[in-house]
Amino acid sequence: MHIILWGTVLLLLTVARAQTRMQSVGCRFPVMDMFGDPCPRHHDPVRRWKAEMKKEFRGQENAVQRVEKAFKVGLFFKNTPTMLHFSGPTGVGKSFMAMLLAKAVFSRQQGSSICGYLDLRMTVAMREVQESRAEEFMETYLLRPIVEQIAVCPTSIIVIDDIHFLDSKFLQRLRGIFDEHNPSLMCTTGTYAGKRWSTRDSFFIVTSDLDEKHSDLHAGLSPREAENVIRRLAKQVWGEHSHMTSLITLVPFLPLSQNSLVSIAERQVEKLHDLIVNMLARLRPNKRIDWIGSVKYSKSLPSEIYMLKKDDTERFGARPINHYVEMHLHPLAIDIAEELLAHGAKTRTSESIFDSFLPNPMLKYVRTPVKLVNNVDIWLQGSEMKMAIEEINVNTKPTGEHTEL
């Protein structure tokens, strides 16, 4: 009896420790998975990467090609940590590409949480950290989070955003990552203190905006010219012999062209359909509702959204467009779903099925889920998004007039 009792206690302690370790890297999954790899990789990450990039990413063709090559080398051929330096203006896709990379690699995802992915964001206030507090700062905001991540998931993708806010005295503490023979890191506080943890299997990405005055980088530069500009700026910030200018693969990101920004606006508009479908499911969780319809908009709508935010995109890239769509268009998914459920045209048909499992085979009639037969029109009026719904028949031909919502 005592053996069984102590065995049960030991099992519970093991489960609790596994839960703590997994939650420390944002992983919350069933207990049965805690005794295996907490951050398993997908069996074909390169194919998933290409699919995600084709679906979600716009522009930066040269950066995409360079990252794809480094990605393949890091996955299959290197025995040292892969390190990339994404450098370019704000809002051109640096952090987004890093997130898509992690999404392609790791198979466990829950909402916005990706097991094996750590994103550390630096801020402008870090430039004011005094020399006496440099050790404490590095321990709290960089070394300990990274060590805790790789202790649980050695193959993690670790992103340090806006590293240009850190000067050379901070970067010097990360030099262990670059050791050719024994790449490793150690922290002095926390659960994993006092031991050197290997970073050999990790994937590091740092992002920077070294051209903060927006005077050197422009869309007309070739990849080689952009790389030379960024190396020159990096030497001004961190010195001639910094790791940021020599041992890391540099990936230049240039300002986005108008075509790329319009394409980004179009992709954001396309997301409205899936948001409406998800909202219908949330508003009626106990019923199956099929929406037979689509979101309709003019081909000029993405360009109109771009023109509305054109001045802001010159400094902040695609962020003003994404923010506008997320604040003014995507919330319409709630109103549209409610309007469809309350006033949308509905149909329910019965299908005859020959049931051979009954004692006497016979035809029975099965009612299919409720179908909403409406299209949704959206357009831009001034700076506000407007919408209307129209009834369609099952052949998706318009049969009704627009109804202003």
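Points worth noting:
- Three-way shape call for the stretch 258-357 based on the alpha-carbon gyration tensor, with the a/c threshold at 1.5: prolate
- Heavy-atom accessible area with a 1.4 Å probe sorts Glu390, Glu270, largest first, into Glu270, Glu390.
- With every protein chain in place, the stretch 258-357: carbon and sulfur % of accessible area (1.4 Å): 47
- What the pair-distance distribution of the stretch 113-263 shows, using all Cα-Cα distances binned every 5 Å from zero, is 2, 8, 16, 20, 19, 15, 10, 6, 3, 1, 0 percent.
- Under the simplified labelling scheme, the Lys72-Glu326 pair shows an inter-label distance of 3.3 nm, with each label point 7 Å from Cα along Cα→Cβ.
- When you restrict to C-alpha pairs under 8 Å that are six or more residues apart and normalise by the size of the stretch 258-357, the relative contact order lands at 41 percent.
- Gain upon complete extension [Arg121, Arg315; 0.36 nm per residue less C-alpha separation]: 67.8 nm
- Calculated FRET efficiency, Lys299 to Glu338, Cβ-Cβ distance, R0 = 25 Å: about 0.35 to the nearest 0.05.
- Applying the criteria of a DSSP loop state and at most 13 other Cβ atoms within 10 Å to the trypsin sites (Lys or Arg not before Pro) of the stretch 213-242 yields Lys213.
- Heavy atoms of His181: accessible area, 1.4 Å probe, square angstrom to 10: 150
- Exceedance of the 19 Å cut-off in Cα-Cα distance is limited, within the set Lys103/Lys287; Lys296/Lys386; Lys69/Lys103; Lys54/Lys309; Lys54/Lys271, to Lys103/Lys287; Lys54/Lys309.
- Each Lys or Arg adds one and each Asp or Glu subtracts one; over the other residues with Cβ under 9 Å from the Cβ of Ile321, this totals +1.
- Solvent-accessible heavy-atom area per residue, rounded to whole Å², over the stretch 258-357 at 1.4 Å: 60
- With contacts taken as Cα pairs under 8 Å at a separation of at least 6 residues, the stretch 33-168 carries a relative contact order of 31 percent.
- The 1.4 Å probe gives accessible areas that order Arg127, Arg319, Arg144, largest first, as Arg319, Arg127, Arg144.
- Applying both filters, DSSP loop and at most 16 other Cβ atoms within 10 Å, to the GluC sites (Glu not before Pro) of the stretch 204-263 gives Glu212, Glu240.
- Counting only protein heavy atoms and a probe of 1.4 Å, the accessible surface of the stretch 79-183 is 46% carbon and sulfur.
The values are calculated or read from the model by the stated rules, or taken from the named source; none is laboratory data. Given the structure is predicted, the values throughout are model-derived calculations rather than measurements. Counting neighbours? That spans all protein chains shown, and the Cβs are built from the backbone with ideal geometry, glycine included. Remember, those area values only see protein heavy atoms, side chains included, never the ligands or the DNA or RNA. Shrake-Rupley method; radii C 1.70, N 1.55, O 1.52, S 1.80 Å.
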